[in-house]
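Below is one structure; the comments refer to it alone.
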Amino acid sequence: MPTFGVWLVGARGSVATTAIVGAAAFRAGISPPRGCVTDIPGFPGRLPPFADMVFGGHDTAEISLRKRAEQLSEAGVIPAHLPALLAEDLATAEAEIRPGYASGDAPQSAAAARLIRDLVEFRERHGADRVVVVNVSSTEPPAVWRPEFERLADLEQALAGGAEVLPPSSLYAYAAFHAGCAYVEFTPSTGPTLPALAELSALKAVPYAGQDGKTGETLVKSALAPMFAGRALQVRSWSGLNLLGGGDGATLANPDARASKQMSKNRAVTGVLGAGIDGQTHIDYVPDLGEWKTAWDHVTFEGFLGVRMTFQFTWQGCDSALAAPLVLDLARLVARAHEKGRHGVLPELGYFFKDPLATDEHRLAEQYAQLRAFAEELS
């Protein structure tokens with residue numbers, strides 16, 4: 001049976017674990033792929049089946065995948081009976097998880113060689129047609145720009161000289177491209193966005209997509225902002241408050257990491273309505289919320305004859321359960337794009353991201369139309 005590999009950076013985290021459990025549940029016929037865009041009736045194209053996915057990954061955490069699934073079950077993210085019922089699938093994926101990379105693990109050239117070897121051996125071990133690497137690890141602070149980021153030759157020279165040049169997400173992208181693997185940046189981290197890595201992607205003829213999965217509040221923003229624009233209603237301010245717990249919340253309690261997320265979350269409104277709108281997106285860590293998140297948005301706008309009005313919405317949900325199906329969708333689409341010879345950035349997948357690469361389109365309906373056209377083209 002043909003297979004394709006899904007290699008998850010942050011493989012023992014909430015999103016990765018939920019995605020692995022979900023794919024196993026689909027395969028076993030226990031649950032339908034609800035939330036998966038590529039499984040909507042009538043979605044165009046012929047994509048690799050969920051059943052063909054084999055999972056592996058990198059992680060610096062030592063908790064077992066089975067234990068993580070049980071924790072998520074206790075939090076209400078995964079149905080209580082699934083960790084035991086899918087224990088064999090979890091054990092199979094666990095056996096394919098390798099130690100990850102963290103800043104300070106020097107030299108980076110040796111770390112990159114190890115990551116590349118892990119990917120190549122995984123692909124060969126399973127006889128996979130191709131492997132898609134998806135970064136679902138913790139958000140990084142914005143990268144400090146370095147001259148070596150501009151050209152691949154300069155980056156390679158710096159790595160060969162023993163320098164710690166790349167943020168972890170970019171080192172994973174570097175390893176993925178060298179291993180001939182496609183890459184998805186599901187976080188707002190730097191990942192494959194460096195010019196030197198775009199050059200490497202072209203050289204190795206592999207595609208990539210990103211960045212920062214659009215799962216909740218920003219999904220609503222990208223649907224609502226075009227509504228205001230289409231009805232000629234002048235938005236004056238758009239403020240948001242995000243309350244979240246779990247590992248993601250703990251990471252974003254760091255002001256530097258939070259800055260990356262805030263930048264990506266603001267793209268939809270400014271991308272559709274333009275600059276000059278008052279208000280900011282605030283992110284607060286509330287440990288008691290666990291795996292759950294609440295987002296509250298307050299919008300002021302001006303209508304006919306300058307009449308001032310307001311609009312508010314509240315979004316409550318579980319980011320892991322919202323993100324996991326998109327991870328599976330992206331793996332299928334990017335694997336198919338790789339098979340069809342696409343390489344470099346895939347702007348047609350902007351529908352899935354807060355800050356989509358190589359496109360200024362943020363209107364949800366237009367993004368969905370582009371996605372469907374892309375899927376049809378891949379068929």
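The values are calculated or read from the model by the stated rules, or taken from the named source; none is laboratory data. Please read these numbers as outputs of a predicted model, since none were measured by experiment. Note that each Cβ is placed from the backbone with ideal geometry, even for glycine, and that neighbours are counted across all protein chains shown. Note: accessible area is taken over every heavy atom of the protein model, side chains too, but ligands, DNA and RNA are not part of it. Shrake-Rupley method; radii C 1.70, N 1.55, O 1.52, S 1.80 Å.
Going residue by residue through segment 237-249, is there one that turns out to be hydrophobic (A, V, I, L, M, F, W, C), modelled with pLDDT under 95, in contact with a strand residue (DSSP E or B) (Cβ under 8 Å, 6 or more places away or on another chain) and open to solvent by less than 50 Å² (accessible area, probe 1.4 Å)? Give the derivation first.
The first filter runs over segment 237-249 and keeps only residues hydrophobic (A, V, I, L, M, F, W, C), leaving 238, 241, 243-244.
From what is left, the residues that are modelled with pLDDT under 95 are 244.
Restricting the remaining residues to those that are in contact with a strand residue (DSSP E or B) (Cβ under 8 Å, 6 or more places away or on another chain) gives 244.
When the remaining residues are screened for being open to solvent by less than 50 Å² (accessible area, probe 1.4 Å), the result is 244.
Looking through segment 237-249, at least one residue is hydrophobic (A, V, I, L, M, F, W, C), modelled with pLDDT under 95, in contact with a strand residue (DSSP E or B) (Cβ under 8 Å, 6 or more places away or on another chain) and open to solvent by less than 50 Å² (accessible area, probe 1.4 Å).
Cβ-Cβ distance below 6 Å, separation of 6 or more or different chains: which pairs start in segment 105-124 with a residue that is modelled with pLDDT under 95 and end on one that is open to solvent by less than 60 Å² (accessible area, probe 1.4 Å) and among the hydrophobic types (A, V, I, L, M, F, W, C)?
Asp105/Ala111
Take the residues in segment 112-142 that are open to solvent by less than 10 Å² (accessible area, probe 1.4 Å) and either in a helix (DSSP H, G or I) or charged (D, E, K, R) (or both), then tell me which one is farthest from Ile20 (Cα to Cα).
Taking the candidates together, the pick is Ala112.
Filter segment 304-357 for residues that are in contact with a Ser or Thr (Cβ under 6 Å, 6 or more places away or on another chain), among the polar types (S, T, N, Q) and assigned to a strand (DSSP E or B); which is most open to solvent (accessible area, probe 1.4 Å)?
Per the criteria, the residue is Gln316.
Can you name every residue in segment 143-154 that is open to solvent by less than 70 Å² (accessible area, probe 1.4 Å) and under 25 Å from the mean Cα position of the chain (by Cα)? Spell out the reasoning first.
Our first condition is that a residue be open to solvent by less than 70 Å² (accessible area, probe 1.4 Å); within segment 143-154, this holds for 143, 148-149, 152-154.
Matches in segment 143-154: Ala143, Phe149, Leu152.
What pairs come out if I take residues in segment 323-334 that are farther than 12 Å from Phe4 by Cβ and pair them with residues that are in a helix (DSSP H, G or I) and of a type in the set (Ser, Thr, Tyr) whose C-beta lies under 8 Å away, six or more apart or interchain?
From residues that are farther than 12 Å from Phe4 by Cβ, the pairs are Ala323/Thr18; Ala324/Thr18; Asp329/Thr38.
Let me confirm something: among Ala175, Ala196, which residue is open to solvent by less than 10 Å² (accessible area, probe 1.4 Å), in contact with a Phe, Trp or Tyr (Cβ under 8 Å, 6 or more places away or on another chain) and either polar (S, T, N, Q) or part of a helix (DSSP H, G or I) (or both)? So that I can check it myself, show each step before the final result.
Numbers: Ala175 fails: in contact with a Phe, Trp or Tyr (Cβ under 8 Å, 6 or more places away or on another chain).
Being open to solvent by less than 10 Å² (accessible area, probe 1.4 Å), in contact with a Phe, Trp or Tyr (Cβ under 8 Å, 6 or more places away or on another chain) and either polar (S, T, N, Q) or part of a helix (DSSP H, G or I) (or both) holds for just one of Ala175, Ala196, which is Ala196.
Would you mind finding the one in Leu252, Leu224 that is buried (at least 19 other Cβ atoms within 10 Å of the Cβ), at pLDDT below 95 and not small (Gly, Ala, Ser)? Step through it out loud before you land on a result.
Numbers: Leu224 fails: at pLDDT below 95.
Exactly one of Leu252, Leu224 is buried (at least 19 other Cβ atoms within 10 Å of the Cβ), at pLDDT below 95 and not small (Gly, Ala, Ser), namely Leu252.
Return the residue satisfying two criteria in turn: it lies in segment 261-288 and is among the aliphatic types (A, V, I, L, M) and surrounded by fewer than 18 Cβ atoms within 10 Å (Cβ to Cβ), and of such residues it is nearest to Ala358 (Cα to Cα). Please lay out each step first, then the result.
Of the residues in segment 261-288, the ones among the aliphatic types (A, V, I, L, M) are 263, 268-269, 272-273, 275, 277, 283, 286.
Narrowing the set further to residues that are surrounded by fewer than 18 Cβ atoms within 10 Å (Cβ to Cβ) leaves 263, 275, 286.
Numbers: Met263: 16, Ala275: 19, Val286: 34 Å.
My answer is Met263.
Would you mention how many residues in segment 210-221 are in contact with a helix residue (DSSP H, G or I) (Cβ under 6 Å, 6 or more places away or on another chain) and either of a type in the set (Ser, Thr, Tyr) or surrounded by fewer than 19 Cβ atoms within 10 Å (Cβ to Cβ) (or both)?
2
To keep it simple, each residue is scored yes or no on (1) of a type in the set (A, V, I, L, M, F, W, C); (2) closer than 17 Å to Tyr101 by Cα; (3) free of Cβ contacts under 8 Å to residues at least 40 places away in the same chain; (4) outside any helix (DSSP H, G or I).
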position: Asp154; (1), (2), (3), (4): no, no, no, no
position: Val165; (1), (2), (3), (4): yes, yes, no, yes
position: Ser189; (1), (2), (3), (4): no, yes, no, yes
position: Met227; (1), (2), (3), (4): yes, no, yes, no
position: Val235; (1), (2), (3), (4): yes, no, no, yes
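Residue under question is Tyr368, and the condition is that it be closer than 13 Å to Gly213 by Cβ and open to solvent by 20 Å² or more (accessible area, probe 1.4 Å); does it hold?
Working: closer than 13 Å to Gly213 by Cβ: no; open to solvent by 20 Å² or more (accessible area, probe 1.4 Å): yes.
No, not satisfied.
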